[in-house]
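Just so it is clear, none of the values below were taken in a lab; they were calculated from the coordinates. Source: prediction; values computed, not measured. All Cβ positions, even for glycine, are placed from backbone atoms using ideal geometry, and neighbour counts span all protein chains on display.
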Amino acid sequence: MQIALLSDVHGNARALKAVLNDLHALSVDHMYMLGDLAFRGPEPKNSIETVQSLPAKVLKGNADEWIVRGVREGEVPEAKRSIMNQEREWALERLSSNDIKYLEELPESFLDDYEGFRLFAFHAVPGSLFPPVPVDSDASVFEESFFQKQEADIYVYGHVHTPSIRKIGARWVINTGSIGLPFDGDPTPSYVLLTIEDGEIIPEIRRVPYDTDEVLAQFDANDYPNSDQVKRIISSGRPPK
């Protein structure tokens with residue numbers, strides 16, 4: 001059995017298409033999309049519609065919540081909140097009321113069993129879309145933030161845009177990284193292919209190259225607010241300063 005674990009498209013439909021082209025050649029039985037579909041990229045509507053066309057279980061991320069109701073005080077540094085809400089307004093102009101309703105109604109977690117293993121998928125932490133848990137956190141952080149909230153064999157999250165596979169005791173902790181806005185210094189989209197075979201869990205991080213120049217040009221062509229910063233992230237694969 002193979003399970004595709006995807007997250008954090010951030011309106012980068014071209015990066016998403018590259019990942020889906022890679023998946024097309026694989027025998028995938030199940031697919032998860034862990035949120036952040038439309039905010040902070042040049043193609044919010046195309047990204048949502050592409051995700052809706054997939055045979056995937058789709059979760060809500062914090063950036064989906066931002067599209068629905070805006071970036072609130074305390075959720076980001078105050079100096080960044082105004083421009084981020086301008087980015088939201090830019091996206092809203094390109095989305096329909098049905099698109100917004102779709103994002104609003106997305107679930108926040110999935111708990112599923114596969115061949116005797118329990119998989120728990122969520123965007124950031126169980127019960128909240130916002131707190132970041134760095135992939136190199138101490139095991140005690142995962143114990144408190146993940147394991148004590150729900151018993152599972154495999155914990156899968158996104159949000160921090162850094163792909164990672166760890167085994168802590170008997171539990172797997174997997175971060176998908178980001179399709180549209182990687183933060184780990186590699187600008188190529190990432191996702192995780194999870195194989196369950198003969199009682200074994202075999203996770204693999206996959207990176208898929210695509211033409212970032214085409215996406216950078218889309219920001220300029222569409223008068224995107226805060227384009228310089230977002231273009232730097234896409235070009236470098238590094239988080240905003």
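In µm²/s, what is D for segment 1-45 at 4 °C and 1.567 mPa s, where D = kT/(6 pi eta Rh) by Stokes-Einstein and Rh is the Kirkwood radius from Cα pairs? Write out the running numbers ahead of the final one.
Details: Rh = 11.0 Å.
Using the Kirkwood radius from Cα pairs, D works out to 118 µm²/s.
Which peptide among 213-226, 153-166, 123-136 comes first, and what is the full order, when sorted by highest mean count of other Cβ atoms within 10 Å?
Going by the mean number of other Cβ atoms within 10 Å, highest first, we get 153-166, 123-136, 213-226.
Ranked by Cβ crowding within 10 angstrom, fewest neighbours first, how are HIS30, HIS10 ordered? Let's see the in-between values first.
Values: HIS30 17, HIS10 26.
Ranking HIS30, HIS10 by Cβ neighbours within 10 Å, fewest first, gives HIS30, HIS10.
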Where does helix 13-24 land angle-wise versus the long Cα axis of the chain, in degrees 0 to 90, nearest 10?
30 degrees
DSSP-defined antiparallel bridges as percent of all bridges, segment 2-236, nearest 5
65 percent
Measure out, as a whole number of angstrom, how far apart the alpha-carbon centroids of segment 113-186 and segment 212-238 sit.
28 Å
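Fully extended, how many nm does the chain gain between GLU73 and ALA170 (0.36 nm per residue separation, minus their Cα-Cα distance)? Write down the numbers at each step before the final one.
Details: separation 97, 0.36 × 97 = 34.92 nm, distance 3.89 nm.
My answer for the length gained is 31.0 nm.
What's the FRET efficiency of LYS241 with LYS45 using the Cβ-Cβ distance as r and R₀ = 30 Å, to the nearest 0.05? Provide the component values of the computation, followed by the final result.
Working: r = 29 Å, r/R0 = 0.97.
Working from the Cβ atoms, E equals 0.55.
From the P(r) of segment 2-236, can you give the percent of Cα pairs sitting at distances over 21 Å?
Details: 14635 of 27495 pairs.
Every Cα pair in segment 2-236 considered, those over 21 Å come to 53 percent.
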Output the peptides 71-79, 97-105 sorted from most to least packed, where packing is the average of other Cβ atoms within 10 Å over each peptide's residues.
97-105, 71-79
Neighbour-count order for MET1, MET33, fewest beta carbons within 10 angstrom listed first:
MET1, MET33
Note down the magnitude of the dipole of the chain about its Cα centre, charges +1 on Lys and Arg C-beta and -1 on Asp and Glu C-beta and zero elsewhere, to the nearest 20 debye.
460 debye
How large are Rg and Dmax for segment 143-227 when calculated on the C-alpha trace, in angstrom?
16.6, 52
Please name whichever of LEU20, PHE147, ALA170 sits farthest to the positive end of the charge dipole of segment 2-236, dipole taken about the Cα centre and charges placed at Cβ: Lys and Arg +1, Asp and Glu -1.
LEU20
Could you give the length gained by full extension between LYS57 and ASP228, i.e. 0.36 nm per residue of separation minus their alpha carbon distance, to one decimal place?
58.3 nm
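Find how much the distance from ALA139 to LEU95 grows on full extension, using 0.36 nm per residue of separation minus their present alpha carbon separation; answer in nm with one decimal.
Numbers: separation 44, 0.36 × 44 = 15.84 nm, distance 4.04 nm.
Taking 0.36 nm per residue and subtracting the Cα distance, the gain is 11.8 nm.
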